[in-house]
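Data first, discussion second: the structure below is written as structure tokens.
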Amino acid sequence: MIDEIKKYLAEVEQFNSDSAEEIEAFRIKFLGKKGIQNELFARFKEVPNEQKKEVGQALNQLKVAATNKVNQLKEAIDSESDNRDAIDYTRPGYAVELGSRHPISIVRNRIIEIFKRIGFVLSEGPEIEDDWHNFTALNLPEYHPARDMQDTFFIEKDPDRLLRTHTSSVQIRYMENHKPPLRILSPGRVYRNEAISARSHCMFHQIEGLYIDKEVSFADLRRTLQYFTTELFGKSKIRLRPSYFPFTEPSAEVDVYWGLETETDYKITKGTGWLEIMGCGMVDPNVLTNVGIDPDEYSGYAFGMGLERIALLLYQIGDIRLYFENDKRFLEQFEAEFGFK
Ligand code: DAH
């Protein structure tokens, strides 16, 4: 019997396979209920006493060897299949999802870039403003009827604090702290107490421009705006319509000639070909005096525009609410520069 066991031991040692079925068959053959191990064990009682020790040890050896062999081979195929899962070079990679800039940011950056080229620097101010910077210094004294042009969110406990209604407040902050010549661009959020609809929102974005120097003229303003519309829209025909803003005198509304080539052109210009894009004017002498700049020595111009409106023209997105809903399907469409993906 001892020879028989040795023969099996040799078989166990030699066995090798990477097939799960073969390994299972091997296990059943040696270690199964009716397997070799049990069969030999059943015959153990026939073994003469003087051989029992040797045969018992050999039997045990065979059992350990067969068990180890099965475990070892099973482990080998398990880890191999793990590896195959982890490093399957044939699998397509996961696409990296790139974010895209918000259309308002794209438009803002583009406008900043255009004005940077002609010497404008950035200046920003707080969204929570005081009465002086948002109204009074801009020639809008208390009880001035023009304050009604902008429905204001006041801070209840402090009547002097409010959410700025326009970025014109930054002009005042900058002029208070810098001497002319000045050339600044001030982008930012502004707030008005308006119902949210397709055309209006209680929060939106503006960019303010200001230029103060000696002998700045209305013609300089016009030429600068023409440069701007040409760079941004590729449209160089503009007109300045007389208007009223308390902080500028004279004041004007800027229209750009969009054209009437497509049906959309008809729609967005209401058949006129012209589109209003911003307000502007020569800085009122009162404003200069309010910030300690001598209006006899210096003059300047200012302009302000709404970014949602400019984005509407560039992307033809007419509902302002879309800009603020953070719907990924909407936001994903915009490339870093102009146009859709
Ligand atoms: N602050 C104005 C508004 O919110 C826009 C504006 C108009 C700004 C004329 C200016 C300007 O600087 O000169 O409607």
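Some observations on this one:
- Residue check, F247 touching a Leu at 6+ places or on another chain (Cβ under 7 Å), closer than 17 Å to G304 by Cβ and modelled with pLDDT of 95 or more: yes
- Residue in region 306-319 that is among the small types (G, A, S), within 25 Å of R199 (Cα to Cα) and within 15 Å of the ligand (Cβ to nearest atom) present: yes
- The condition of being at pLDDT 90 or above and surrounded by 15 or more Cβ atoms within 10 Å (Cβ to Cβ) holds for I106.
- Checking each residue in region 213-254 for being surrounded by 17 or more Cβ atoms within 10 Å (Cβ to Cβ), of a type in the set (V, I, T) and under 35 Å from the mean Cα position of the chain (by Cα) picks out T224, T229, I238, V254.
- Where Q150 falls short, out of the listed (1) at pLDDT 95 or above; (2) in contact with a Ser or Thr (Cβ under 7 Å, 6 or more places away or on another chain): (1)
- Residue tally, condition more than 24 Å from the chain's Cα centre (by Cα), surrounded by fewer than 15 Cβ atoms within 10 Å (Cβ to Cβ) and within 13 Å of the ligand (Cβ to nearest atom), over region 158-193: 0
- Residue identified as of a type in the set (A, V, I, L, M), touching a residue at least 24 places away in the same chain (Cβ under 8 Å) and within 11 Å of the ligand (Cβ to nearest atom) among L210, L240, L232: L210
- In region 140-157, residue surrounded by the most Cβ atoms within 10 Å (Cβ to Cβ) [restricted to those that are of a type outside the set (G, A, S) and within 11 Å of the ligand (Cβ to nearest atom)]: L140
- Among the numbered conditions (1) of a type outside the set (S, T, N, Q); (2) in contact (Cβ under 8 Å) with a residue 40 or more places away in the chain; (3) not in a helix (DSSP H, G or I), the only one that L288 does not meet is (3).
- Selected residue [small (G, A, S) and within 23 Å of L240 (Cα to Cα)] from G281, G318: G281
- Helices (runs of 4 or more DSSP H) lying entirely in region 1-118 (those with 2 or more residues that are more than 30 Å from Q206 (Cβ to Cβ) and in contact (Cβ under 8 Å) with a residue 12 or more places away in the chain): 2-14, 20-31, 36-42, 49-86
- Some residue of region 262-269 being surrounded by fewer than 21 Cβ atoms within 10 Å (Cβ to Cβ) and within 16 Å of L221 (Cα to Cα): no
- The set of residues in region 151-168 being in contact with a Lys or Arg (Cβ under 6 Å, 6 or more places away or on another chain) and part of a loop (DSSP other than H, G, I, E, B) consists of D151, T165.
- Residues in region 214-228 that are touching a strand residue (DSSP E or B) at 6+ places or on another chain (Cβ under 8 Å) and away from the ligand (no atom under 16 Å from the Cβ): K214, E215, Q226.
- Flag for T272 being assigned to a loop (DSSP other than H, G, I, E, B) and at pLDDT 95 or above: yes
- F324, sole failed condition from (1) aromatic (F, W, Y); (2) within 13 Å of the ligand (Cβ to nearest atom); (3) surrounded by fewer than 16 Cβ atoms within 10 Å (Cβ to Cβ): (2)
The values are calculated or read from the model by the stated rules, or taken from the named source; none is laboratory data. Keep in mind the model is a prediction, meaning the values are calculated, not measured. So basically every Cβ, Gly included, is an ideal-geometry build from the backbone, and we count neighbours across all protein chains shown.
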